[in-house]
Amino acid sequence: MPDVAADGLRVLFCGINPGLMTAATGHHFARPGNRFWPALHRSGFTPRLLKPSEQEELLSYGLGITNVVARATARADELSAEEYREGGRLLALKVARLRPRWLAVLGVTAYRVAFDDRKARVGPQERTIGDTRVWVLPNPSGLNAHWTPATLAEEFARLREAAQR
């Protein structure tokens, strides 16, 4: 699954891994129940609701998308701890090369395993990768019922406000 990325982005969003629909379409967060695109719009990152097929438009807003693990699965729980850790290592190298202002990892459990940080919570992290700050966002999957569309958008908006400072 190719990244949507460029040097010096405001925010590089990082999903856990591609779902099967994402892998089939070549568009990030392509599953209809995924709340990434609505949260991005409702939080003010984008002026309108983008479709997954319009993902390249993110670059014009200083935004991009990558994944912790490249392997597509039906569910993230199919990934091994080793895949997460190796993905975290490769992600850190990518971030050091691209130098986004913020890395936003979409899923606290994925972040905890990939970066060996058992105490991480949603929000800004102490960790940096070079000059890149790290923020953990809730997983926008429709399976993550703990976060409503409104609270998900509120958390995305907190990151947007920090990224504008």
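The values are calculated or read from the model by the stated rules, or taken from the named source; none is laboratory data. Since the model is a prediction, treat every value here as computed from it, not as a measurement. Note that we place each Cβ from the backbone using ideal geometry, even for glycine, and neighbour counts take in every protein chain shown. Heads up: the accessible areas ignore ligands, DNA and RNA and are worked out on the full protein's heavy atoms, side chains in. Shrake-Rupley method; radii C 1.70, N 1.55, O 1.52, S 1.80 Å.
Please verify whether Arg101 is in contact (Cβ under 8 Å) with a residue 60 or more places away in the chain, farther than 25 Å from His146 by Cβ and either touching a helix residue (DSSP H, G or I) at 6+ places or on another chain (Cβ under 9 Å) or among the acidic types (Asp, Glu) (or both), treating the condition exactly as stated. Yes: the conditions hold for Arg101. Residue check: Ala145 meets all listed conditions (1) over 14 Å from the mean Cα position of the chain (by Cα); (2) modelled with pLDDT of 95 or more but one, namely (2). Within segment 38-47, identify whether any single residue is under 13 Å from the mean Cα position of the chain (by Cα), of a type outside the set (A, V, I, L, M) and under 30 Å from Arg165 (Cα atoms), and answer yes or no. No, segment 38-47 contains no residue that is under 13 Å from the mean Cα position of the chain (by Cα), of a type outside the set (A, V, I, L, M) and under 30 Å from Arg165 (Cα atoms). Mind listing just one residue for me: the one in segment 21-46 that is in a loop (DSSP other than H, G, I, E, B) and polar (S, T, N, Q) and, of those, surrounded by the fewest Cβ atoms within 10 Å (Cβ to Cβ)? Checking each candidate, the answer is Thr46.
Applying the selection to segment 23-37, what residues are within 29 Å of Glu82 (Cβ to Cβ) and under 14 Å from the mean Cα position of the chain (by Cα)?
Let us first name the residues in segment 23-37 that are within 29 Å of Glu82 (Cβ to Cβ), namely 23-31, 33-36.
Within segment 23-37, His27, His28, Phe29, Ala30, Asn34, Arg35, Phe36 meet the criteria.
A search for C-beta distances below 7 Å between a residue of segment 73-87 that is at pLDDT below 95 and any residue that is open to solvent by 40 Å² or more (accessible area, probe 1.4 Å), counting only pairs 6+ apart in sequence or on different chains, returns Ala74/Leu20. Summed over segment 10-20, the residues that are open to solvent by 10 Å² or more (accessible area, probe 1.4 Å) and within 18 Å of Val68 (Cβ to Cβ) give a count of 4.
Restricted to segment 48-80, and to residues there that are of a type in the set (A, V, I, L, M) and open to solvent by 40 Å² or more (accessible area, probe 1.4 Å), the residue that is nearest to Leu9 (Cα to Cα) is Leu59.
Please tell me if His41 is over 21 Å from Leu98 (Cα atoms) and at pLDDT 95 or above. Yes; evaluated as a whole, the condition is true for this residue.
Thr148 falls short on exactly one of the conditions (1) touching a strand residue (DSSP E or B) at 6+ places or on another chain (Cβ under 6 Å); (2) surrounded by fewer than 17 Cβ atoms within 10 Å (Cβ to Cβ); (3) of a type in the set (S, T, N, Q), and that condition is (1). Note on segment 47-62: residues that are in contact (Cβ under 8 Å) with a residue 24 or more places away in the chain and assigned to a helix (DSSP H, G or I) amount to 7.
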